[in-house]
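Participant: Shown below is the structure under consideration.
The values are calculated or read from the model by the stated rules, or taken from the named source; none is laboratory data. Since the structure is predicted, the reported quantities are computational estimates derived from the model, not experimental observations. Don't worry about glycine lacking a Cβ; one is built from the backbone with ideal geometry, like all the others, and counts go over all protein chains shown. Accessible surface is based on the protein model in full, side chains and every heavy atom, while ligands, DNA and RNA are left aside. Shrake-Rupley method; radii C 1.70, N 1.55, O 1.52, S 1.80 Å.
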Amino acid sequence: MSVHQYPQRQRPDDQPSGGRPYEPYAPSEPNAPYEPHAAYEPNAPYEPYGAQPHQDQRYGAQPFEPFRQEAPRTPPPPPGGSGRRGRSQGPKRSRRAVWISAALAVVLLAGGGFGAWKAGWFSGDGDPVSFGKTPPPAADAGAPGGGQSAKPSGDPDVQLPTGPKADFKQTGSLDDGTKIAKTRLTGAKSGFTGDVWVWAPKEYDDPKYAKSAFPVMIALPGGNGFPSNYWSDRSLGLQKAISEGAQAGTSLPFVLIMPVLNPDEKNYYDGSDIPGQPKMGTWIADDIPDFARANFRTYKSRDGWAFMGSSSGAFVGLKQVLQHPDRFKAVIASGGEIVPDSPLWKGDTKLMDENNPRKLAQKLLDTKGPEVYVNFQLGTKEKDRARMEKFQAEFGKGPIKVTIRDIQNGEHNGWHYVRGMKEGSLEWISKAMKGPKPAEG
């Protein structure tokens, strides 16, 4: 099989402002003609997205200015030193100077307090965050290692946090008081170390759900996917969409897990274990779910596990669901790819086939299950709908349930993909998943 059956090209990914574009892999055969993706129109030149983090600039949109998450600031130390025993260690000040300083502080707080809050002084960013404030049931002394009871709510599918508990720091907050937080994770199975952001809906701390599990949605970004995951930016509205959907009864209250997608800014890794490279497939398929189970009340069955992603993140989410249908049940794939095309494969078609959603879908059809749910989202101003229609026609049968959602006037950006989720994709995926159950009475 020739390398050109997997053309190496730039992804139409949204790229961070000022970031470096991906460098497509140069075919190893000298002077070999470039073979475009089968879904493209014949002889039509490839036009890569020239995108900012969540905005395709082909349509004249303004550059994206990301929500600034500045490092937390702390007020300067007392003028006279630490004062550990209540006595100033510095030179004495006159009473008049003290009163002037106090008055100035009041004026600054009154006139500039909002600016200080915006800068992060009073936002709480950087503060420790814990999830699940309701104390869990007592440990079962008879369980291996003194673990918690396996049936806290009478539902054998519920799994309490296994630990160890991660050290979370706040990176943002919503108006309803819920927190977005970040930690650093070294994957026990992949060996890769990267940042992970998390968010839990307010229902998670509601006492009536204290013994219930919650569905997990692993949210994957496009573009570089490193060193941040743009779904952790509240300005995109993903967390708010889930909160409002839960209140309206159109969405389950998902716990969001938002890991980095790639180990560097230079390449994309197709969410796969490419030989000689960091094991990003194991990171996504094993370490991230294990991390979620360690810190949150989750379901043991695949009914509580789903993906969502945009662009290259959509490809990875789709691939993971088809590659591990025993672990994950559904995916919302927005504006994404359907075949692997990382330059790091270097023509290894055998391994590429093992990570190709088309090949994986055919295998799932041949084995007759289990059922998985795929929801493609695409803005009407984007290209390549035909690619999704072809996938649906070939594989959207038997155990593979495929839908395509058009986002009217939608472009290749996160805001429009969240709008599509609010308009129906969240409700669609919620019907396929298992939600939390409140305590009786």
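Participant: Once you order the gyration tensor axes a ≥ b ≥ c over the Cα atoms, which shape class does the range 323-404 get: rounded for a/c under 1.5, otherwise prolate or oblate by comparing a/b with b/c?
Facilitator: Values: a/c = 1.79, a/b = 1.02, b/c = 1.76.
Oblate is the answer for the range 323-404, as a/c is 1.5 or above yet b/c matches or exceeds a/b.
Participant: Which distance in nm do the two modelled labels at THR193 and ASP264 give, with both placed 7 Å along the Cα-to-Cβ direction?
Facilitator: Going by the 7 Å Cα→Cβ label model, 1.7 nm.
Participant: Could you tell me the center-to-center distance, by alpha carbons, between the range 316-351 and the range 251-268 in angstrom?
Facilitator: The distance from the Cα centre of the range 316-351 to that of the range 251-268 comes to 14 Å.
Participant: Can I ask one more? By the scheme Lys and Arg +1, Asp and Glu -1, what is the net charge of all other residues having a beta-carbon under 13 Å from that of PRO325?
Facilitator: On the way: positive: ARG302, LYS319, ARG327, LYS329, LYS363, LYS368, LYS401; negative: ASP303, ASP326, ASP366, GLU371.
With Lys, Arg at +1 and Asp, Glu at -1, the net is +3.
Participant: So, one more: Which net charge results for the neighbourhood of LEU238, defined as the other residues with beta-carbon distances under 12 angstrom from its beta-carbon, given Lys and Arg at +1 and Asp and Glu at -1? Don't jump to the answer; show the numbers that get you there.
Facilitator: Working: positive: ARG234, LYS240, ARG419, LYS422; negative: ASP233, GLU244.
Cβ neighbours under 12 Å give a net charge of +2.
Participant: Here's a follow-up. Net charge within 14 Å of THR186 by Cβ-Cβ distance, Lys/Arg positive one each and Asp/Glu negative one each, not counting THR186 itself? Numbers along the way, then the final one.
Facilitator: Numbers: positive: ARG184, LYS189, LYS279; negative: ASP167, ASP195, ASP286, ASP287, ASP290.
It works out to a net charge of -2.
Participant: Given a Förster radius of 45 Å and the C-beta distance between ASP353 and LYS133 as r, what FRET efficiency does 1/(1 + (r/R0)^6) yield to the nearest 0.05? Present the calculation step by step, with values, prior to reporting the outcome.
Facilitator: Working: r = 47 Å, r/R0 = 1.05.
About 0.45, to the nearest 0.05.
Participant: Once you put a point 7 Å from the Cα of GLU394 and another 7 Å from the Cα of ASP176, both along the Cβ direction, what distance in nm separates them?
Facilitator: The modelled label-to-label distance comes out at 4.0 nm.
Participant: Extension gain LYS346-SER235, at 0.36 nm per residue separation less the Cα-Cα distance, in nm? It would help to have the intermediate numbers written out before the result.
Facilitator: Numbers: separation 111, 0.36 × 111 = 39.96 nm, distance 3.76 nm.
Additional length available on full extension: 36.2 nm.
Participant: Starting from the amide H of MET308, placed 1.01 Å from N in the peptide plane, find each other amide H under 5 Å away whose residue is 5 or more places distant or on another chain.
Facilitator: Amide H neighbours of MET308, under 5 Å, 5+ apart: ILE218, ALA219, LEU220, ILE332.
Participant: How do 270-279, 325-334 rank on mean C-beta neighbours within 10 Å, highest first? Walk me through the numbers before you get to the answer.
Facilitator: Numbers: 270-279: 19.7, 325-334: 23.6.
My ranking of the peptides, most packed first, is 325-334, 270-279.
Participant: How large, in percent, is the carbon and sulfur part of the accessible surface of the range 344-441 at a probe radius of 1.4 Å?
Facilitator: 48 percent
Participant: Roughly speaking, what is the stretch gain from LYS363 to ASP167, that is 0.36 nm per residue apart minus the C-alpha to C-alpha distance, in nm to one decimal? All intermediate terms of the calculation are to be shown ahead of the outcome.
Facilitator: Working: separation 196, 0.36 × 196 = 70.56 nm, distance 4.02 nm.
This chain segment gains 66.5 nm when fully extended.
Participant: Additional query: Rounded, prolate or oblate: pick one for the range 167-294, where a ≥ b ≥ c are the square roots of the eigenvalues of its C-alpha gyration tensor, a/c under 1.5 means rounded, and failing that, prolate if a/b is larger than b/c, else oblate. Intermediate values should be presented prior to the final figure.
Facilitator: Numbers: a/c = 2.19, a/b = 1.75, b/c = 1.25.
Since a/c reaches 1.5 and a/b is larger than b/c, the shape of the range 167-294 is classed as prolate.
Participant: Can I ask one more? Per residue, what accessible area does the range 287-441 have, given a 1.4 Å probe and all protein chains present, in Å²?
Facilitator: Values: 5520 Å² over 155 residues.
With all protein chains present, the range 287-441 gives 36 Å² per residue.
Participant: Right, next: May I ask which of LYS182/LYS350; LYS346/LYS422; LYS179/LYS397; LYS208/LYS329; LYS182/LYS329; LYS359/LYS401 have a Cα-Cα span longer than 28 Å here?
Facilitator: Working: LYS182/LYS350 37 Å; LYS346/LYS422 39 Å; LYS179/LYS397 40 Å; LYS208/LYS329 26 Å; LYS182/LYS329 26 Å; LYS359/LYS401 16 Å.
With Cα atoms farther than 28 Å apart: LYS182/LYS350; LYS346/LYS422; LYS179/LYS397.
Participant: Work out, step by step, the length gained on full extension between ALA439 and LYS401: first 0.36 nm times the residue separation, then minus their alpha carbon distance; give nm to one decimal.
Facilitator: On the way: separation 38, 0.36 × 38 = 13.68 nm, distance 3.24 nm.
Answer, rounded to one decimal: 10.4 nm.
Participant: Next up: What pairs from LYS240/LYS363; LYS165/LYS266; LYS211/LYS279; LYS368/LYS434 go past 28 Å between their alpha carbons? Please list the in-between numbers first.
Facilitator: Details: LYS240/LYS363 37 Å; LYS165/LYS266 32 Å; LYS211/LYS279 34 Å; LYS368/LYS434 22 Å.
From the list (LYS240/LYS363; LYS165/LYS266; LYS211/LYS279; LYS368/LYS434), the Cα-Cα distance tops 28 Å for LYS240/LYS363; LYS165/LYS266; LYS211/LYS279.
Participant: Here's something else I'd like to know. Going by average Cβ density within 10 Å per residue, which order do the peptides 347-358, 408-419 take, highest to lowest?
Facilitator: Details: 347-358: 17.7, 408-419: 22.1.
By packing density, highest mean first, the sequence is 408-419, 347-358.
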